[in-house]
Amino acid sequence: MRFHDQVEVHGHLMDTGVLAKVLDDVLDYGGDYRVDRIDLGRGHDDESHAVITVGAETQRRLTRILMRVQVHGVNKVTAGEARCEPADRDGVFPTDFYSTTNLETVVHLDGQWVPVEHPEMDCGLVVSHGRVRTVPVTDVRAGDQIVCGVGGVKVVLPMTDHSSRVHAEYGSLPTSGQPQAVLVRAIARQIREVKAEGGQVLWVAGQAVIATGATPALVALIEAGYLDVLFSGNALATLDIEAALYGSPLGVGPLRSGRVQRGSEQHIRAINAIRRQGSIRAAVESGVLTEGIMHAMVKANKPFVVIGSVRDDGPLPDVHTDIIAGQRAMRAALRGVGYALMVASAQHSVATGNILPASIPVACVDVNPATVHALTERTSAHAVGVVADAGLFLEQLALELVADYRPARLGPGGTFA
């Protein structure tokens, strides 16, 4: 005996490859399919519509398949009513809980479609007083009413038609086939638009920003109001502070001069100086820290979330060493974010992509093409990737956005002036 259900999907199914991805996922999860109907759009901007019967040998497997294909905007033709079950213990979902996507989601409860608050992937849905919100498994509590199965849950893909501002800017070519200057100008324009609409710009930055000499560019962008929230790790903050206090981070002297002796001692001294003050903000307010990215963030009164790892020195007193607490701080900082820019930070960018709604446009910048591809695939329907050196990219972006910005020049002795 096989179990079947009928699903449908709308959108640019052929030119985006969505239909092929849906059918591949069905097969990969051990199911089968029959395409019952497909109506192709006649014009370039017209959407297509497909109706597909999906089958599996058990109901549980079929449910998992239907959840899986929802990441592509696939919904059951007959949605039904959502089913809820109470969590039986803290930190554990019911066995057949609905696993969320980061797409806009609605849940059918008591005859009404209720929108899910703050869509986030790989969470559950908790229902309380007629409202529905995402909840990570670590935060579920015994007795919480959790949506189970795929019935009564629909997702909505973000607007990605050919007339949208994102698609119109980047066209149909892969980003790797376009000049970097064109992509930088497009990203700058999107940032201006988000700011003009009252949205905030989230940056996720890695230590390569410091290593590539991009500190002056990022400071200029912060001071000009184009960075509202910063996510990073202990490394970027420490290297930035070390450079501000001692002139060169991690014992790396002027360009091509090699390592300076006892560089790690300097690294720890920088951490110790901030720990003595109690926080980065206190170090700025006391006059100990007078320049750099973290100094600019404090002076601009912009929030930052710094999350550590097992390899960190110190760490700095502001670093979240509890990963769960760090994730909660990241989620809390997302309110009002309308654009995300991820620069040379694979791990923190993946973590950010996991909690971002798919409706928020994302730009991913890294010198490694594989990193760019991985991030754009898992973040947003509006994600664009730029394969570039972080320093050169940030210099170009600062020139586009900050009217009086002038790049630092290499002066005598190999130092930037």
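The values are calculated or read from the model by the stated rules, or taken from the named source; none is laboratory data. Quick caveat: nothing in here was measured; it's all calculated off a predicted structure. Cβ atoms come from the backbone with ideal geometry, glycine included; neighbour counts cover every protein chain shown. For accessibility, only protein heavy atoms count, side chains too; no ligands or nucleic acids. Shrake-Rupley method; radii C 1.70, N 1.55, O 1.52, S 1.80 Å.
Remarks
- Packing-based ranking of 372-379, 296-303 yields 372-379, 296-303, ordered from highest to lowest mean Cβ neighbour count within 10 Å.
- Rounded tilt (10° steps) of 234-246 against the dominant C-alpha axis of the chain: 20
- Set K21/K154; K154/K195; K21/K76 screened for pairs whose C-alpha atoms are more than 27 Å apart: K154/K195
- This model, with +1 at the C-beta of Lys and Arg and -1 at the C-beta of Asp and Glu, gives region 299-360 a dipole about its Cα centre of some 280 debye.
- Summing +1 for each Lys or Arg and -1 for each Asp or Glu among the other residues whose beta-carbon sits under 9 angstrom from that of A50 gives -2.
- For the chain, the relative contact order is 14 percent, taking Cα pairs closer than 8 Å that sit 6 or more residues apart in sequence and dividing their mean separation by the residue count.
- Estimated dipole of region 293-409 in Debye, rounded to 20 [Cβ of Lys and Arg +1, of Asp and Glu -1, Cα centre]: 320
- Among the listed values (1) 19.3; (2) 33.6; (3) 23.1, the one matching mean projected area of the Cα convex hull in nm² as calculated from this structure is (3).
- Accessible-area composition of region 1-103, carbon plus sulfur, in percent [1.4 Å probe]: 48
- When the chain is treated as a GNM with alpha-carbon contacts under 10 Å, the residue of G31, G308, G130 showing the greatest mean-square fluctuation is G130.
- Taking the Cα centre of the chain as reference, the dipole from Cβ charges on Lys and Arg (+1) and Asp and Glu (-1) amounts to some 920 debye.
- Accessible surface, the chain, averaged per residue in Å² (probe 1.4 Å): 47
- Rounded to the nearest whole Hz, the Karplus-based 3J(HN,Hα) values (6.51 cos²θ - 1.76 cosθ + 1.60, θ = phi - 60°) of region 317-323 follow the sequence x, 7, 6, 6, 8, 8, 4, with x at glycine and proline.
- DSSP beta bridge pairing in the chain, given as percent antiparallel to the nearest 5: 65
- Within-12-Å neighbourhood charge of G336 [Cβ basis; K, R +1; D, E -1]: 0
- Selected from H108, V92, A50, residue furthest toward positive end of dipole (region 1-143; charges at beta carbon): V92
- CD proxy at 222 nm, helix term only [per DSSP H run n ≥ 4: -39500 (n - 2.57); per residue of the chain; nearest 500]: -10000 deg cm²/dmol
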